[in-house]
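Take a look at the structure below.
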Amino acid sequence: MPLRLCGGLLIPLLRLLNMVRVIAGEFKSRKLKTLDGQATRPTSDRLKETLFNLVQSRISGSTFLDCFAGSGSVGIEALSRCAGFVVFVEESPSAVKVIRKNLALLGEDLSPRCQILSRKAETGLKSLERTGRKFDIVFLDPPYADADQYPRVFEQLQNCELLSDEALVVAEHSKFLALPAQVMHLERRREVRQGDSVLSLYHFQA
């Protein structure tokens, strides 16, 4: 079992189950599981609350894509706030198991309101292209060490025609990473910094 040294103590990597909570809506205050570790760094409750304050007017009835979903807490928050349909894209089998457990805890594991794609982002987006589905809101949060994913996903969302008119794409990233102001028809309109993290909001206009 992989181990890491933390505060002088050895602790199992990716075996510490932490809890986050649903902030508002149908599942308000319900606790969710998440895997600890760098590969599945969860969006903090505080940053998640900031995110949904920014997009709240768009959530009801929307199609929402949680890309690099990790434990699924962001997509589940969207479900709780009455998103019409949520897709979780996540390549880590361990994280996908946690997403399924969290949905089961909420009675949403068999729900027609959500779908889990257990695959890499690139493959998942190609799969979604074949469905013809378009998304109103996209949240992407790749591992900070994999910064090349941001421009790739920005471009693929557009090349695969996955964005609805006036779609909003929100990228969570390190404050030390400067994302481009524009990628094709995606234009950054706002940046919100919180601690070491930044939310960059891009608007799509074909």
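What to note about this one:
- The strands (runs of 3 or more DSSP E) found wholly in the stretch 114-198 and carrying at least 3 residues that are among the basic types (K, R) occupy 186-194.
- R193 vs. criteria farther than 30 Å from A104 by Cβ, out of contact with any helix residue (DSSP H, G or I) (no Cβ under 8 Å at 6 or more places or on another chain) and of a type in the set (K, R): yes
- Residues of the stretch 191-206 satisfying the condition of being farther than 12 Å from S174 by Cβ and without any contact (Cβ under 8 Å) to a residue 40 or more places away in the chain: E191, H203
- Condition met for A104 (exposed (fewer than 14 other Cβ atoms within 10 Å of the Cβ), at pLDDT 90 or above and assigned to a helix (DSSP H, G or I)): yes
- Qualifying strands (runs of 3 or more DSSP E) (wholly inside the stretch 28-99; at least 3 residues being more than 17 Å from V170 (Cα to Cα)): 31-35
- Unique residue being at pLDDT 95 or above and surrounded by fewer than 19 Cβ atoms within 10 Å (Cβ to Cβ) when the list is E90, E129: E129
The values are calculated or read from the model by the stated rules, or taken from the named source; none is laboratory data. Computed from a prediction, not measured in an experiment: that's the story for all the values here. Glycine gets a Cβ as well: all are built from the backbone with ideal geometry, and neighbour counts include every protein chain shown.
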